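Structure first, then comments.
The values are calculated or read from the model by the stated rules, or taken from the named source; none is laboratory data. Values in this document were obtained by computation on a predicted structure and should not be read as measured data. Neighbour counts run over all protein chains shown; Cβ positions are idealised from the backbone, glycine included.
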Ligand code: FAD
């Protein structure tokens with residue numbers, strides 16, 4: 001019976017609705033557990049869970065979501081959820097890219113576990129979405145979880161909202177998600193005297209986590225910009241000094257606030273007059289500024305050092321950027337004033353009474369970051385082989401290529417890498433030789449840093465994990481198996 005027929009919603013319906021609309025990470029997990037226990041469903045870690053859930057929840061609101069997810073799940077790439085049904089994956093990090101990878105691996109039928117060291121999703125900062133990411137999230141039912149998702153011409157979302165959407169989809173597809181669990185390293189498989197070899201396991205904190213016994217043959221590292229697993233090298237590119245400031249103000253969604261225009265990227269080269277005026281009137285000197293209206297009023301700008309010194313934000317000039325931006329050398333009050341003044345000027349003083357939103361430490365949400373050095377991993381994947389037990393390790397998201405926030409490349413390239421990694425796992429599960437899998441992955445990775453919406457295939461509806469649907473004229477054999485022997489690592493890493 002359906003609510004449309006005028007029936008009272010039953011308890012499973014209200015539990016499902018509460019899950020759909022939960023607004024905090026812990027609340028999502030709690031609601032989901034309640035729902036599963038009410039329906040007596042065991043969360044299996046695989047896509048079969050989704051099919052059982054679907055048959056238990058067959059009312060109009062759920063059905064609209066199932067239609068979307070069924071359409072995705074029916075894509076030929078997933079081979080009806082059997083492409084990776086014998087593959088066990090561990091994913092490090094429940095940021096947008098870890099969760100997006102988890103979803104693809106679940107559709108492929110893999111057993112997927114995500115570990116996330118934090119317990120809250122607290123980032124107000126807003127991410128720019130490329131057209132294909134909007135299309136992709138819509139196809140996953142984003143609007144069912146977050147009604148305001150990309151309404152009208154909006155092309156952005158706060159990091160925490162994006163995480164919440166993806167967390168919910170991942171759970172529905174059977175992914176196991178453990179928060180408050182930190183990945184610390186790998187346990188090498190030991191050979192027993194009777195010839196059996198143990199699988200790969202992880203060292204986790206807290207050590208008491210039962211997950212320490214979980215054996216997996218694929219590890220996806222999505223731990224963000226500062227996290228790189230053993231065996232990978234990163235290359236730093238040093239550009240000219242770039243100091244980024246992000247800030248969030250409370251959005252009360254008043255009519256006046258709604259009317260203020262967003263700034264989707266005023267770069268100095270395009271609008272010299274604006275920056276000159278800003279400097280003349282306020283002493284603030286910027287390279288660029290972006291303003292998005294979302295849960296908060298979010299601004300990201302690149303500030304010139306001399307103006308930060310002049311306005312007393314940075315106390316003393318120093319040669320190395322780390323000391324320059326170290327907390328002892330930054331006047332927090334002056335930083336708040338600088339960010340607020342820039343926000344006010346750039347919106348023509350139309351946002352009344354700007355008040356800082358608070359970050360997870362309950363401080364005004366303003367941060368200053370160094371973008372002078374951007375790093376990217378030399379390679380996207382490697383295989384470790386210990387006593388014959390093979391482990392495929394892939395990097396995705398910021399852990400693979402660090403994005404420059406004011407350009408908003410993070411989630412665009414991050415999702416592409418998540419799809420590429422899923423494709424790699426599919427090839428791995430199909431029994432392709434490890435060197436062929438690695439060579440193909442590196443061939444695709446070569447393209448990542450140059451990608452933008454302008455040079456990708458135009459038909460975003462056709463995008464799938466298959467790289468040829470996304471990258472025009474890609475040569476999947478640009479790198480040969482003979483060139484990636486160094487990515488097949490036997491035994492321990494020196
Ligand atoms: P992240 O979103 O960084 O997620 C990585 C996750 O892994 C985190 O949740 C982390 O807690 C977890 N983790 C790390 N190590 C471990 C471990 N050992 N074990 C378990 N879990 C682990 N981009 C913009 O375009 N604009 C912005 O304003 C902006 N602001 C940002 C502010 C902050 C504080 C950060 C960290 C990033 C910001 N970014 C911004 C970058 C943007 O968030 C990323 O590009 C995007 O979220 C995709 O990243 P990801 O999933 O690869 O990594």
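For the reader, a short list of remarks on this structure follows.
- Among residues of region 105-120 being within 9 Å of the ligand (Cβ to nearest atom) and either more than 16 Å from the chain's Cα centre (by Cα) or surrounded by 24 or more Cβ atoms within 10 Å (Cβ to Cβ) (or both), the one that is nearest to residue 80 (Cα to Cα) is 114.
- Any hit, region 180-203, residues being under 23 Å from residue 400 (Cα atoms), touching a helix residue (DSSP H, G or I) at 6+ places or on another chain (Cβ under 6 Å) and modelled with pLDDT of 95 or more: no
- Considering residues of region 84-101 that are over 30 Å from residue 264 (Cβ atoms) and surrounded by 24 or more Cβ atoms within 10 Å (Cβ to Cβ) only, the residue nearest to the ligand (Cβ to nearest atom): 92
- Pairs are defined by a Cβ separation below 9 Å, a sequence spacing of at least 6 or placement on different chains, a first member in region 217-229 that is modelled with pLDDT under 95, and a second member that is near the ligand (Cβ under 6 Å from one of its atoms) and in a strand (DSSP E or B); the pairs so defined are 227/92; 227/183; 229/92; 229/183.
- Residue match in region 404-422 (condition: more than 14 Å from the ligand (Cβ to nearest atom) and at pLDDT 95 or above): yes
- Near pairs, Cβ below 9 angstrom, 6+ apart or cross-chain, from region 176-188 (within 23 Å of residue 386 (Cα to Cα)) to any residue that is within 7 Å of the ligand (Cβ to nearest atom) and modelled with pLDDT under 95: 183/227
- Checked against the criterion of being in contact with a strand residue (DSSP E or B) (Cβ under 8 Å, 6 or more places away or on another chain), in a helix (DSSP H, G or I) and more than 16 Å from the ligand (Cβ to nearest atom), region 463-474 has no qualifying residue.
- Screening the candidates 335, 400 for the property of being more than 30 Å from residue 104 (Cα to Cα), within 16 Å of the ligand (Cβ to nearest atom) and buried (at least 21 other Cβ atoms within 10 Å of the Cβ) yields one hit, 335.
- Total residues in region 257-296, condition closer than 23 Å to residue 153 by Cα and in a helix (DSSP H, G or I): 3
- Residues in region 124-153 that are part of a loop (DSSP other than H, G, I, E, B) and touching a residue at least 60 places away in the same chain (Cβ under 8 Å): 124, 125, 129, 130, 140, 141.
Listed here are the residues, each with its yes/no results for (1) within 28 Å of the chain's Cα centre (by Cα); (2) buried (at least 19 other Cβ atoms within 10 Å of the Cβ); (3) modelled with pLDDT of 95 or more.
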position	(1), (2), (3)
10	no, no, no
19	yes, yes, yes
28	yes, yes, yes
43	yes, no, no
70	yes, no, yes
78	yes, yes, yes
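- One residue stands out in region 448-475 among those that are in contact with a helix residue (DSSP H, G or I) (Cβ under 8 Å, 6 or more places away or on another chain) and under 22 Å from residue 232 (Cα atoms): the one that is surrounded by the fewest Cβ atoms within 10 Å (Cβ to Cβ), namely 449.
- Elements of type strands (runs of 3 or more DSSP E) in region 179-251, at least 2 residues being surrounded by fewer than 15 Cβ atoms within 10 Å (Cβ to Cβ) and away from the ligand (no atom under 16 Å from the Cβ): 234-238
- For residue 98: the one exception among (1) over 23 Å from the mean Cα position of the chain (by Cα); (2) touching a residue at least 60 places away in the same chain (Cβ under 8 Å); (3) within 30 Å of residue 206 (Cβ to Cβ): (1)
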